[in-house]
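Just below is one structure, and these are the notes that go with it.
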Amino acid sequence: MNIKKMTFVMAVAAMATGTSFGAGFGIYEASARGNAMGGGLVGSTGDASANYYNPANLTECTNISVMVGISLINPFCDVKVDNIQRSKMNAGWFPPPHAYVAAPLTKDLVFGFGTYCEYGLGTKYDNSWPLKFDTTETTIEQFTFNPNIAYKITEDWSVAFGARMSYITFENYKSPIVGMHPLAGAVYGRSHLKGDDFNCGYMLATQYKITDDLSFGAVYRSRINHRVAGDFDLNTPAGMISGDADAKLTLPASVVMGLNYDITERFRGGVSVTWTEWSTVNHLDYNLPTGLITQELNWHDAWRVGFGFEYDFTGNFCGRIGYTYDCDPSAEAHGTTMLPPGDRHIVGFGIGYKFFDNWNIDLGYNFIMMESETRMVEGHKFQCDNSYSHIASLSVTYNF
């Protein structure tokens, strides 16, 4: 294989691997209140963030409501390669935003709109670390634009339909091996790849009030098929090589179910269970000028379980707490350094305050602890210890 052909293969493989990586590929931080409560707002939401958690819950909104906010995510870990401490990964802070509108059209019909991030990742290592051929820096950002319509069929039963318009961007830096020197050994280049795509899916949702205090909710999100296309450049000892590349990526379908219960007038709780069809990224197809290449990943479907509680200390002030367990879908034999592997334990805290009758402000903090697991990356053992993330979130709501 000549250097130019090798370059195309490596560059597109980098894009495909980066745009399809594991547990942190899914982003579930959609509001400060929901973050603090472990996502336990599926059975009943009570505000405009129902556009994300369960659009059928929009029928609970009796006035026009607007929510805007942001979650700041900071992942980091200690990295081992072949059981030797090699590097630290600290990709900085990532700020996925969220914004929602709920607007009743009639007593039983409500329009909603949300924009938020469902997928994303960010990793950064030293340019000289041992697995620099796999990645040194990767960023994936995805934004969903989500109009919804919710209808109350009876006093106890609501349904909703929504469109999920997905825009995704990808950027990757790596130092692939571009040749071998008889004395110095491997010769490395430096590649930069960036691409994007836009496509649509849909969501179906329902809510049923079992009793006045107990509500059940369920949401189905469809697959979204992306073809991420971009440009890449590679610096080699022989000079610069540039070209086009693209890769297919299927964002997985998912099913979310949840219950919410008003324990007392001031004390409420919620639980949610999410199944995600991560097996849609079992393999990836890359289109190159030289032909089609397939990358095996062997991901499996995974579960996420969360619950939370909130308590009204006064009529204007409440506190929240929650926990989430999030399973990693990646396979041990098909690893990549794009994101640390491992199941995640997430603890959340938060407060909410109402002022001037129409305004609400919610603050949340989450701490993610990731279990240490090993993945094989081209014959090398890749392991992350002391893998943690901080998430600080803010949401502001105005009710007309």
Within segment 141-198, take every residue that is more than 30 Å from Asp108 (Cβ to Cβ) and of a type in the set (Ser, Thr, Tyr) and give me the one that is surrounded by the fewest Cβ atoms within 10 Å (Cβ to Cβ).
Tyr167
Would you call Tyr388 surrounded by fewer than 18 Cβ atoms within 10 Å (Cβ to Cβ) and either at pLDDT 90 or above or in a loop (DSSP other than H, G, I, E, B) (or both)?
no
Within segment 336-362, can you find the residues that are β-branched (Val, Ile, Thr) and assigned to a strand (DSSP E or B)?
Ile346, Val347, Ile351, Ile361
Is it true that some residue in segment 369-383 is at pLDDT below 95, of a type outside the set (Gly, Ala, Ser), within 29 Å of Val66 (Cβ to Cβ) and not in a loop (DSSP other than H, G, I, E, B)?
no
Would you check if Thr206 is under 20 Å from the mean Cα position of the chain (by Cα) and part of a strand (DSSP E or B)?
no
Does Asp126 satisfy the criteria of being crowded, with 22+ Cβ neighbours inside 10 Å, assigned to a loop (DSSP other than H, G, I, E, B), out of contact with any helix residue (DSSP H, G or I) (no Cβ under 6 Å at 6 or more places or on another chain) and among the acidic types (Asp, Glu)?
no
The lone exception for Thr62 - which of (1) touching a Pro at 6+ places or on another chain (Cβ under 8 Å); (2) free of Cβ contacts under 8 Å to residues at least 60 places away in the same chain; (3) crowded, with 18+ Cβ neighbours inside 10 Å it fails
(3)
Selected residue [within 30 Å of Val187 (Cα to Cα), touching a residue at least 12 places away in the same chain (Cβ under 8 Å), surrounded by fewer than 21 Cβ atoms within 10 Å (Cβ to Cβ) and touching a Lys or Arg at 6+ places or on another chain (Cβ under 6 Å)] from Asp82, Asp108
Asp82
Residue that is nearest to the chain's Cα centre (by Cα), among those in segment 146-179 that are of a type in the set (Ser, Thr, Tyr), in a strand (DSSP E or B) and at pLDDT below 95:
Thr169
Scan (1) surrounded by fewer than 23 Cβ atoms within 10 Å (Cβ to Cβ); (2) within 15 Å of the chain's Cα centre (by Cα) for the single condition Ile346 breaks and write down its number.
(1)
Restricting to segment 230-270, and then to whatever is surrounded by fewer than 15 Cβ atoms within 10 Å (Cβ to Cβ) and among the small types (Gly, Ala, Ser), can you tell me which residue is nearest to the chain's Cα centre (by Cα)?
Ser242
Among Gly114, Gly39, Gly46, which is closer than 30 Å to Glu373 by Cβ and either at pLDDT 90 or above or not in a loop (DSSP other than H, G, I, E, B) (or both)?
Gly39
Here is a list: Ala16, Ala30, Ala56, Ala11. Which entry is among the small types (Gly, Ala, Ser), modelled with pLDDT of 90 or more and part of a helix (DSSP H, G or I)?
Ala56
Just the residues that are assigned to a strand (DSSP E or B), more than 17 Å from Tyr125 (Cβ to Cβ) and among the aliphatic types (A, V, I, L, M), please, taken from segment 180-196.
Met180, Ala186, Val187
Just a yes or no: is a residue in segment 315-330 surrounded by fewer than 21 Cβ atoms within 10 Å (Cβ to Cβ), touching a residue at least 40 places away in the same chain (Cβ under 8 Å), aliphatic (A, V, I, L, M) and within 26 Å of Phe367 (Cα to Cα)?
yes
What residue, among those in segment 169-225 that are in contact with a Lys or Arg (Cβ under 6 Å, 6 or more places away or on another chain) and acidic (Asp, Glu), is nearest to Ser158 (Cα to Cα)?
Asp197
Identity of the residue in segment 220-230, outside any loop (DSSP other than H, G, I, E, B) and either of a type in the set (Gly, Ala, Ser) or at pLDDT below 80 (or both), that ends up farthest from Met257 (Cα to Cα)
Gly230
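The values are calculated or read from the model by the stated rules, or taken from the named source; none is laboratory data. Treat the numbers as computed from the prediction; the structure is a model and nothing was measured. Here Cβ is always computed from backbone atoms with ideal geometry, including for glycine, and neighbour counts include all displayed protein chains.
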